[in-house]
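Written out below as C-alpha cells is the structure these notes cover.
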Amino acid sequence: MKNLKNSVRLIGHLGKDPEVRVFESGSKKVSFSLATNDTYKNDKGEKVVDTQWHNLVMWGKLADIAEKYLKKGNEIAVEGRLIHREYEASAGEKRYFTEINVGELLMLGASK
C-alpha cells in the first residue's frame, strides 16, 4: 500500500500541445493540460458532462516522448503525484497552483 501515497491516475485528452522548456543544465520540462470527463444524469434525467482540467508536467525522457508524439486532443493515461506550489503574483497577492508530476505515460489514441 505504500505506493498509493500521493498517487494520481488519470485518463483524458490533451487540452493543448505540450509546451517545452529547456534549462541551462540541459534538462527538459514539458507541460500541458489534460481534460477528464465524468458523465451523469441530473435530477431531470438530462445527460450532464462534467469536465475537469489538470495541469501535467513531464521531465527527462518522458518530456522527450511528449514533445515528439503528443498533440492537442490525444488521449493518454498517466500516473504521477500531486505537487502544490505557491507564488506571489505581480500585484503582491499569493497564488496557489497544483500540478501532476507524471512518472508513467501510456498513449491511448489519436486526436478527437
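Out of all the residues in segment 34-71, which are small (G, A, S) and within 30 Å of V22 (Cα to Cα)?
The answer is A35, G60, A63, A66.
Mind listing whichever residues of segment 3-13 are surrounded by 15 or more Cβ atoms within 10 Å (Cβ to Cβ) and more than 17 Å from W59 (Cα to Cα)?
Hits for segment 3-13 are L10, G12, H13.
Just to verify a result, which residue in segment 63-104, among those that are of a type in the set (S, T, Y) and over 16 Å from G15 (Cβ atoms), is modelled with the highest pLDDT?
Y69
L10 is checked against (1) in contact with a Leu (Cβ under 9 Å, 6 or more places away or on another chain); (2) more than 19 Å from M107 (Cα to Cα) and fails just one. What number does that condition carry?
(2)
Any chance segment 35-56 includes a residue that's among the hydrophobic types (A, V, I, L, M, F, W, C), at pLDDT 95 or above and in contact with a helix residue (DSSP H, G or I) (Cβ under 6 Å, 6 or more places away or on another chain)?
The answer is no; no qualifying residue exists.
Among what's in segment 14-44 and is free of Cβ contacts under 8 Å to residues at least 12 places away in the same chain and among the hydroxyl-bearing types (S, T, Y), pick the residue that is farthest from G60 (Cα to Cα).
Applying the filter and picking the extreme gives Y40.
The values are calculated or read from the model by the stated rules, or taken from the named source; none is laboratory data. Here the structure is a predicted model, which is why all the values come from computation and not from measurement. Cβ atoms come from the backbone with ideal geometry, glycine included; neighbour counts cover every protein chain shown.
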